[in-house]
Structures are given as C-alpha cells and as structure tokens.
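Taking it in order: structure first as structure tokens, then the write-up.
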Amino acid sequence: MEIILLERIEKLGGIGDVVTVKNGFARNYLLPNNKALRANDANRKLFEANRAKIEADNAERRGDAEGRAKDIDGKQIVLIRQASNTGQHGSVAVRDIVEALADDGVQGVTKAMVELERPIKSLGLVDVKVKLHPEVVVTVGVNVARSPDEAEMRNQGIDVITPPCSRKNELPPPRSPRTRLAKTNMTTPRRRRKPLATRRPPMRTTPKRPRPTKPDASRTITRQARAAPPPGSAALLLAVERRVATIVDIISSPSTFAMGG
C-alpha cells in the first residue's frame, strides 16, 4: 500500500514522502495514529494544501521535545525486584519504567514512547530508548537490583551477581577431597518405571511337550500282570468248561433220545 507520511518514521522516510508498506502495518498502526495518509489524488491535494501547517506543528513539537530531553537524557531509575542468586527475577515491563519515571518527576512520558524489545528479566544496568519525538530520542538507564545498596554498588562498578570464580584475575576456591570423592562416586539416576496401565504385559510361553520315550520293560510287565486273570478264575473256568462238555455229551448221546421215546 502506498502512503504519504505525516511525520518522520524510522527506516521509512520524512514528512511528505510517498512510500510503500505492508497493508497490515498501514491499517493497524500508521493510519489509525494519524502518522500517514493513503496515497490517492484527494489526499495528495489535501496534504499539499496543509503542508506548511503540518511542518510548523512538527517543528513546534520537536522544539518542546528537545527542551524536555535535556532533563531526561542520561537519567537513571532504580527498580527493586526479588531475585535469586543467578539474577533471575520477575520481568520489568514498559509500564514499570513509565511509573518509575513519573515517580522521579518526569512527566509526559507514555508507554508508546518507550522502546523496549523484550521485558527485562535479569538484574543489572539496561539502557532503554525513549522517543519523545520522531526526531528526538533519549536514553534512560534502568538499574534493576534487589536493594538500594546493591544498586549503589553496581553504579560504583562492583559486580554483585557474577560468582567469584568467574571474575577476572581470580581463581576458583580449591575443592576439598571429600567433594571430589562425592562427585566421582555419583551414579546416574534410575529410570522411572512406567505406571502399571502403560506397561507391556509379559509374553505367555506355552510349556514344552515331553519327548516320547521308549517303552520300559518294567511297565510292560506291569501291564501284562494287570491283564492276566486272577489266580482262582482259571480253575473255575476249567470246571465250567468240563460241566458244559458233560452236558453236551449227554444231549448228543443216542441213549438219551431212546429213553425219551
């Protein structure tokens, strides 16, 4: 989208320049904030008719910003935050910087003027740019510390965050033999077992079938003994056979039929 700039925009141009920007950047930022106009015939004529007034207003606002910049440029504010020994703490946002400047007597600074790429999350000194006017930019120092005494020590150049072993011209304290032995005996932690619901069930193995073996002589004898009749049954069977044979002989003899006649 082609637009006409109504004020100086960093990396784009100055008042009256016709530039091409992305549609979203123009619709969401430049046009709603009255920083540009759409580059059409009607807006070009309107801009040329009011160009002198626009430039005069811009010069007046720039003069006011330059007068205020003398009191703000190089100012340092102190923000107290609770932090660990490594210097990590809750983030410092643009709102905190604006409130700290207002408490220090600096009025008229809004959140849109503070240029902070990302929130400050560590202790130390950070330089933050404050844009009082598109052509007037000042720098404010933000000192994030755990106490006012710590902030004063940092202003004197004393590093209160860096451990002694990492400072220049200093050696780390020697470790005791017990500490070395403890570090050498350290073992890797055990792996955490999975809950019962996610464990894989154990594989079921079928028992092996026994191999066929050759018949044993003792087992064969035992089977034969079980199949043999009891001792008294042979005599009984012999007596029955004799009785049957006797009956058959009586029936088949001719004398028997003769007596019946």
Here are some conditions: (1) charged (D, E, K, R); (2) in the same structural domain as LEU6 (by TED's automatic domain parsing); (3) surrounded by 13 or more Cβ atoms within 10 Å (Cβ to Cβ). GLU48 meets all but one. Which one does it not meet?
(3)
Quickly run through the range 12-54 and pick out the residues that are free of Cβ contacts under 8 Å to residues at least 12 places away in the same chain and not in a helix (DSSP H, G or I).
LEU12, GLY13, GLY14, PRO32, ASN33, ASN40
What are the residues in the range 104-136 that are more than 28 Å from ASP57 (Cβ to Cβ) and outside any loop (DSSP other than H, G, I, E, B), if any?
ILE120, LYS121, SER122, GLY124, LEU125, VAL126, ASP127
For ILE3, are the conditions met, namely being in a strand (DSSP E or B) and over 30 Å from SER147 (Cα atoms)?
yes
Residue pairs meeting the criteria (Cβ under 6 Å; at least 6 apart or on separate chains; first closer than 10 Å to LEU123 by Cα, in the range 144-156; second among the polar types (S, T, N, Q)):
ALA151/ASN143
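Out of ASP57, ASP73, which single residue is touching a residue at least 60 places away in the same chain (Cβ under 8 Å), among the charged types (D, E, K, R) and surrounded by 13 or more Cβ atoms within 10 Å (Cβ to Cβ)? So that I can check it myself, show each step before the final result.
Details: ASP57 fails: touching a residue at least 60 places away in the same chain (Cβ under 8 Å).
The unique qualifying residue is ASP73.
Tell me yes or no: at least one residue of the range 86-102 is under 27 Å from LEU5 (Cβ atoms), under 35 Å from the mean Cα position of the chain (by Cα), in a strand (DSSP E or B) and free of Cβ contacts under 8 Å to residues at least 24 places away in the same chain.
No; the residues of the range 86-102 include none that is under 27 Å from LEU5 (Cβ atoms), under 35 Å from the mean Cα position of the chain (by Cα), in a strand (DSSP E or B) and free of Cβ contacts under 8 Å to residues at least 24 places away in the same chain.
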Do we find that ALA102 is among the hydrophobic types (A, V, I, L, M, F, W, C) and not assigned by TED's automatic domain parsing to the domain that holds GLY157 in this structure?
no
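The values are calculated or read from the model by the stated rules, or taken from the named source; none is laboratory data. Everything numeric here is computed off the predicted structure, so don't read it as measured data. Positions of Cβ are generated from backbone atoms using ideal geometry, with glycine treated the same way; all protein chains shown enter the neighbour counts.
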